[in-house]
1. Suppose the filter is in contact with a Pro (Cβ under 8 Å, 6 or more places away or on another chain), more than 16 Å from the ligand (Cβ to nearest atom) and open to solvent by less than 90 Å² (accessible area, probe 1.4 Å); does GLY81 pass it?
2. Considering only region 106-134, state which residues are open to solvent by less than 10 Å² (accessible area, probe 1.4 Å) and not in a helix (DSSP H, G or I).
3. Out of LEU126, LEU86, I need the residue that is out of contact with any strand residue (DSSP E or B) (no Cβ under 7 Å at 6 or more places or on another chain) and over 20 Å from VAL61 (Cα atoms). Which one?
4. Among the residues of region 172-200, what is the count of those that are in contact (Cβ under 8 Å) with a residue 24 or more places away in the chain and outside any helix (DSSP H, G or I)?
5. For residues in region 38-68 being within 17 Å of the chain's Cα centre (by Cα) and hydrophobic (A, V, I, L, M, F, W, C), which is farthest from TYR99 (Cα to Cα)?
6. Of all residues in region 35-53, how many are at negative phi and outside any helix (DSSP H, G or I)?
7. Looking at LYS156 and the list (1) of a type in the set (Lys, Arg); (2) modelled with pLDDT under 95; (3) open to solvent by less than 70 Å² (accessible area, probe 1.4 Å), which single condition is not satisfied?
8. Do we have GLU76 as under 28 Å from ILE183 (Cα atoms), open to solvent by 20 Å² or more (accessible area, probe 1.4 Å), within 16 Å of the ligand (Cβ to nearest atom) and of a type in the set (Asp, Glu) here?
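The values are calculated or read from the model by the stated rules, or taken from the named source; none is laboratory data. These numbers were taken from a predicted model, which means no experiment stands behind them. Cβ sites come from the backbone with ideal geometry, for glycine too, and all protein chains shown count toward neighbours. Note: areas computed on protein heavy atoms with side chains; ligands, DNA, RNA excluded. Shrake-Rupley method; radii C 1.70, N 1.55, O 1.52, S 1.80 Å.
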Amino acid sequence: MKNQTSTCDHHGCWHEPTDKWLTWANLITAVRTAGCVVLTMLAIAQNSTTLLFAGLLVYWVGDMADGMVARLLHRETRIGGIFDILCDRLCVALFYLTYASWHHAMLIPIAIFMVQFMVLDNFLTLSFQRWPLKSPNYFYLVDKMIYKWNWSKPAKALNSSALVLVMVITGSPIAAGILAAAIFVLKVMSLRRLQQIGMPEATGCTVGATD
Ligand SMILES: [Zn+2]
């Protein structure tokens, strides 16, 4: 296998020949996900809104903490990035489906959001693996526009917390629906742009090593 040792100094480029599985950041991701799952299940068992939001809070705080620890310890790994993305989907799905089952007025906005977050955004977010990038946080090295729409600080806040805040603060299914639809459109536009850019393909024979 060819060991690609590129000498660029972009912080977001991935130069390691192997990836680390056991990192502090991954441990935090595992713990915050377990905490979120347990709290959400308890919330369902006890019909408790407080526990449901406690689970969401554990997810939010833990999600900020794992990324921060990875950056501070200079241990941003691709495996950690993927693990984080998968755990996010689980926690977000648990929260929104439980919330929807208790607030039927929000079923349509949440349905739009679920398709967007579990399929469109999931595909977009995992697409960083097609490039030698550490994580989607460095996608600006590929395309500034897609990065700005999806993984810049304001875009991330819009992604993960805007809908729940609008639902809780306004209580309006119309407002929530408009927001969910707007994010959906943004994701479709991002996918369209990704298609125009073209994603690198891994081609050739998987079994026979070709040099
Ligand atoms: Zn580079």
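1. Considered against the rule, which asks whether it is in contact with a Pro (Cβ under 8 Å, 6 or more places away or on another chain), more than 16 Å from the ligand (Cβ to nearest atom) and open to solvent by less than 90 Å² (accessible area, probe 1.4 Å), GLY81 comes out as yes.
2. LEU133
3. LEU126
4. 2
5. MET68
6. Residues that pass the stated criteria total 1.
7. (3)
8. Yes: the conditions hold for GLU76.
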